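Read the structure below first, then the notes.
The values are calculated or read from the model by the stated rules, or taken from the named source; none is laboratory data. Everything numeric here is computed off the predicted structure, so don't read it as measured data. FYI the Cβ positions are ideal-geometry reconstructions off the backbone, even for glycines, and counts take in every protein chain you see. Areas reflect the complete protein model, heavy atoms only, side chains present, ligands, DNA and RNA absent. Shrake-Rupley method; radii C 1.70, N 1.55, O 1.52, S 1.80 Å.
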Amino acid sequence: MRTIKDTITLQDAERLTGPAAFNLMLKPAGSLCNLDCSYCYYLDKSEIYGGLEPRMTIPELERYVKTYIESCGIEDVTFNWHGGEPLVLGLDFYRKAVEFEKRYAGGKRIHNTLQTNGTLITPGWADFFAGEQFLLGVSMDGPAEVHDRYRRDKGGRPTHAKVIDGIRLLYAAGAQYNIMATINSASEGKGLQVYQFLKGLGSDYIQFSPVVEHVVYPLRNGKPDKHARPHIVDPSVDGAVLAPWSVSPIGFGKFMCDIFDYWVHHDVGRTFVNFFDCTLANWCGVMPGTCSFAQTCGGNAVVEHNGDVYCCDHFVYPKYLLGNIYRDDLGAMMQSPVQVKFGIDKRNSLPRKCLRCEVWSLCHGGCPKHRFNVTDSGQTGLNALCEGYYMFFIRSSDAMKRMKALLEEGKAPALIMMQ
């Protein structure tokens, strides 16, 4: 007898049978970065490639651009430049990227997004991004005392002031940018303070991402050296402990609730927060804009500097290697049994507690990277931030229902601020 685990969702069926449409996150400099952020899950990936400085060559860049455009069966093609820190490759690299995009566009509309820590932005970079209409995501965790706790350079120096300088240059040049902020242990109890600070940075879009990691400290004289940089690992690894920068479940929930309580009375339709947008989307039964809130995943792969393709940015491990974009067919990789299984396992691996939860349809278990806790009945796969998600979804439910009703009436959700 077939069960739900033998099926895929309607959205997955449309994605797999319709015109080829998928999102690739390209890391042309791999894990290479000018910063040494404590919670960075990607710095350790250099070990996969022998610890060498990874850099995509110009011939490889041209092949990638051509292959990706040709593989996309839709008219809008988006290049997502990521890292590490993608700006370490220099401005000429991206000038060549744009040149190749225009050469191979074939009538398709090309878009570019780029994630940066903001510290390397110069007037030249800002003018380039504005002129070529790049949409940037700039990493900023909040006021200096929050941001600088875990975001420092290779010499241990704070980076907050440099990021502010970079944002000012982007704003002056008219470049488009969003703010990307992690929620970590330094953020706890400061939700509204962080939100108000980020709102003042000139962008109407703020994306929050909770941080929960496990680490293993290198040994010194047979004992873990807590003063050395730890290695971020899967929680099942022997000796793994919760990283000190991890946000607690309740701290995460309170952080989002404090922001929501203010936002719903003052900023609906003015400031867009990914958590709130995705929650409302799920209330309305439409696809959320962030994969962690969707029932399944698998439509967002990552391409390393040498063309290796992995299932997801958070699962760049040898077991999740799909192939290489220069050797294998990209479309076939994205529709391969391995990638499809990876995507539907997000739904199929949920414990019974999640499936019986009243807010399951809003969170869908969250991102698999955080689903390493065990339920009271002993089932694995419970999200480490479950209590926090539940707190937020219950707290926001009445307001979300009212905004849903407004949308169904053909009205703007922002009218909730007048009710």
Helix-only [θ] at 222 nm, the chain, -39500 (n - 2.57) per DSSP H run of 4+, per residue, nearest 500, equals -11000 deg cm²/dmol
Over the chain, with neighbouring protein chains present, the accessible area per residue in Å² at probe 1.4 Å is 46 Å²
For the stretch 319-419, listing trypsin sites (Lys or Arg not before Pro) in a DSSP loop whose Cβ sees at most 11 other Cβ atoms within 10 Å gives R327, R356
The Kirkwood hydrodynamic radius of the stretch 306-405, taken as the inverse of the mean 1/r over all distinct Cα pairs, in Å, comes to 15.7 Å
Once the dipole of the chain is set up from charges on Cβ (+1 Lys and Arg, -1 Asp and Glu), the residue from the list C257, A301, Y177 lying farthest towards its positive end is C257
Of the candidate values (i) 22.0; (ii) 20.7; (iii) 19.3, the one computed for mean projected area of the Cα convex hull in nm² from this structure is (i)
Computed on Cα atoms, Rg of the stretch 72-198 relative to 2.2 N^0.38 Å comes out at 1.17
Measuring from its Cα centre, the stretch 243-323 shows a charge dipole (+1 at each Lys and Arg Cβ, -1 at each Asp and Glu Cβ) which, in debye to the nearest 20, is 120 debye
Which of K108/K411; K254/K319; K45/K199; K27/K162 exceed 29 Å between C-alpha atoms? The answer is K108/K411; K254/K319; K45/K199
Heavy-atom accessible area of the stretch 188-247 with neighbours in place, 1.4 angstrom probe: carbon+sulfur share in percent works out to 50 percent
Once all protein chains are kept in place, I325 shows an accessible area at probe 1.4 Å, nearest 10 Å², of 10 Å²
Sites removed, the longest contiguous part of the chain containing no DSSP-loop GluC sites (Glu not before Pro) with at most 13 other Cβ within 10 Å is 76-357
To the nearest 20 debye, the chain has a Cα-centred charge dipole, built from +1 on Lys and Arg Cβ and -1 on Asp and Glu Cβ, of 460 debye
Along the stretch 116-128, Karplus-curve 3J(HN,Hα) (6.51, -1.76, 1.60; θ = phi - 60°) to the nearest Hz, with x for Gly and Pro, reads 9, 7, x, 7, 9, 5, 10, x, x, 4, 4, 5, 4
For the stretch 100-190 the mean separation of alpha carbon contacts under 8 Å (6+ apart) over residue count, i.e. relative contact order in percent, is 36 percent
